Amino acid sequence: MIVIRLIAALGSAVLGMLAAVGRVALFAGQTISHLLRPPFYFKEFGQSLITIGYFSLPVVGLTAIFTGAALALQIYEGGSRFNAESVVPSIVAIGMVRELGPVLGGLMVAARVASSIAAEIGTMKVTEQIDALVTLSTNPMKYLTVPRVLAATLAVPVLVAVGDAIGIMGGYLVGVNRLGLNSAAYLSNTVDFLEFWDIASGLVKGAVFGFIVALMGCYYGMNSGRGAQGVGRATKAAVVAASVMILASNYLLTELFFSA
Amino acid sequence: MITLHQVHKAFGDNHVLRGVDLTIPKGESMVIIGGSGTGKSVMLKSVLGLVAPDAGQIIVDGQDVTTVERDAFLARFGMLFQGGALFDSLTVWQNVAFRLLRGSLKKPTEEARAIAIEKLRRVGLKENVADRFPAELSGGMQKRVGLARAIAAEPEIIFFDEPTTGLDPIMSGVINDLIREIVVEMGATAMTITHDMSSVRAIADDVAMLHDGVIQWTGDVEQMDSCGDPYVEQFINGRAEGPIEAVR
């Protein structure tokens, strides 16, 4: 009997997870379908671009500069074991633009943006503002979800690009001032070794992560439970789901872009 | 005219509506009474299409609400929500003129603002509240703004969900009188849900009592006190003893 109960519990957990994946996929499909059909709410899109993109710059920039700096120290220490200190500029640059820039940028945006979107839309749901939108002939998917998802998909690659540049600068500052590397050689090494696809792949990852972050925020906000506890749970679930999906999709995208 | 025929709705094991039959004639003010959690809000939201009934039919002026073109259908409705449901991120006038600033009823901004200010005046608010945010207003003022938003696009049908909840008795009286005046003035069909008996007497032409998922009694408001229905009598007199079980 215990074995059957265990199998039943496992089965029900797997079914629950598959149902959740299905609901998120349907929500994503609806979002894309509304993205392509009018009406479009340009003012809401502009506001989302500012709150998601512009106001995330400080946190993404700070994350990038410290990450680039720590990366330079680590690679210098590791490289010195086999006299390869000269690889610091190229590995910092490639590491930042391919992986750390998009992933850490995406995670910081997930913490900042997925939580705020889920809390805002969740509160709107529990105070009947979403129902009010419907009665005022306004589709909540078009008015709330589409502008946020589109803004995040466009803004996060820009944040990643800025983060990449700041991260490389962090590595440069540590490399030149702390490790005594030659300034001109550092810069020329960085430029010489970086290829177009290194940068472009990171920006594509940024767009995917932006889409995931806003989608998760909107999905959990729209499906928030009642009361303060419901909104709290929705906010937590949005950040956790966005973070896990960013890391999982990062692996899949890396396989897709770079596996030979 | 709004007609509900054998409307059923369940949430999991909780069978909220068990065959609701009700007719609201055009231009009449119908008030639905019933205890908390009896499904009054679910019934109202079913008419608007915010909740999909499991079975039964809801017909508004000859059209089935499940097959009607949504935007044109909803453009005929106005609704005052229990908590106001004002949009926090918009100013008072933008809330009132929400429908006039976008979609099929879109008007130039200045015209929409002028209409919003006129509607605010109609509900007793001065022009200086127009540029404030909802969070800066008292509960009574928020209800008035909600009322102004509900009537801004001159709807033919207006729904009021617990219009006096959370207000003091005097403010409740003011809101009740306003609702009655506006409904008469606009000639609108009104459906109000409440458990406040002062609202019932001030607003209603007709009353319906919802209990156990069905309409227990419906009739003219003047017949309510002498209807002889034990459910209605217990409810309107606020008795703990009677056919409606009170959870103690």
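Things worth noting here:
- Cα long-axis angle, helix B:139-151 against chain B (0 to 90 degrees, to the nearest 10): 80 degrees
- Think of the protein assembly as shown as having a plus end and a minus end, set by charges on the Cβ of Lys, Arg, Asp and Glu; of B:214, A:4, B:95, A:4 sits farthest toward the positive end of this dipole.
- Alpha-carbon spread of segment A:157-248, three principal axes, descending order, Å: 60, 28, 20
- Shielding by partners - mean other protein chain Cβ count within 10 Å, residues of B:75-82: 3
- Summed over qualifying helices (DSSP H, 4 residues or more, each -39500 (n - 2.57)) and divided by its residue number, chain A shows a 222 nm mean residue ellipticity of -26000 deg cm²/dmol.
- Fraction in percent of alpha-carbon pairs per bin - 10 Å, the protein assembly as shown: 4, 16, 22, 20, 15, 11, 7, 4, 2, 0, 0
- For the chain pair B and A, the interface hides roughly 1500 square angstrom of accessible area in total, found with a 1.4 Å probe.
- Computed over chain B, the per-residue total of -39500 (n - 2.57) for DSSP H runs of n ≥ 4 gives a 222 nm mean residue ellipticity of -9500 deg cm²/dmol, rounded to 500.
- At least 20 Å along the helix axis (C-alpha) and Kyte average at least -0.5, DSSP helices within chain A: A:2-35, A:57-79, A:146-173, A:196-222, A:227-258
- The tail of the calculated P(r) for segment A:39-258, taken as Cα-Cα distances beyond 28 Å, holds 37 percent of the pairs.
- Each residue, residue A:244 and residue A:45, gets one label point 7 Å from its Cα in the Cβ direction; the gap between the two is 3.3 nm.
- FRET efficiency estimate (nearest 0.05) - Cβ-Cβ, residue B:23 to residue B:226, R0 30 angstrom: 0.85
- Residues in segment B:99-119 that, when all protein chains are in place, have 50 Å² or more less accessible area than the chain alone would give (probe 1.4 Å): B:99, B:102
- DSSP beta bridge pairing in the protein assembly as shown, given as percent antiparallel to the nearest 5: 55 percent
- Neighbourhood charge, 13 Å Cβ-Cβ cut-off, centred on residue B:202 and excluding it, Lys, Arg +1 and Asp, Glu -1: -2
- Split the accessible area of the protein assembly as shown by element, probe 1.4 Å, and carbon with sulfur accounts for 62%.
- Cα pair distances exceeding 17 angstrom across segment A:11-55, given as percent: 58 percent
- Across peptide A:122-130, the average count of Cβ atoms from other chains found within 10 Å of a residue's Cβ is 4.
- Sites residue B:121 and residue B:181 - FRET efficiency at Förster radius 22 Å, r taken between beta-carbons, to 0.05: 0.95
- Descending by average beta-carbon neighbour count within 10 Å, the peptides A:212-224, B:25-37 line up as A:212-224, B:25-37, the highest first.
- Excluding same-chain neighbours fewer than eight residues apart, the lysines reachable from residue B:40 by a Cα-Cα span under 26 Å are A:125, B:9, B:26, B:143.
- Contact order relative to length of segment B:11-149, as percent, for alpha carbon pairs under 8 angstrom and 6 or more apart: 21 percent
- Entry for segment B:21-130 at q = 0.11 Å⁻¹: log10 I(q)/I(0) = -0.49, Debye formula applied to identical alpha-carbon scatterers, no solvent contribution.
- Computed log10 I(q)/I(0) for chain B at 0.12, 0.15 Å⁻¹: -0.70, -1.07, from the Debye equation with unit scatterers placed on every C-alpha and solvent omitted.
- Accessible surface area normalised per residue over the protein assembly as shown is 46 Å², counting heavy atoms of protein chains with a 1.4 Å rolling probe.
The values are calculated or read from the model by the stated rules, or taken from the named source; none is laboratory data. Not measured: the values here are computed from a predicted model. Please note: Cβ atoms are built from the backbone with ideal geometry, for glycine as well, and neighbour counts cover all protein chains shown. The area values use the complete protein model at the heavy-atom level, side chains included, leaving out ligands, DNA and RNA. Shrake-Rupley method; radii C 1.70, N 1.55, O 1.52, S 1.80 Å.
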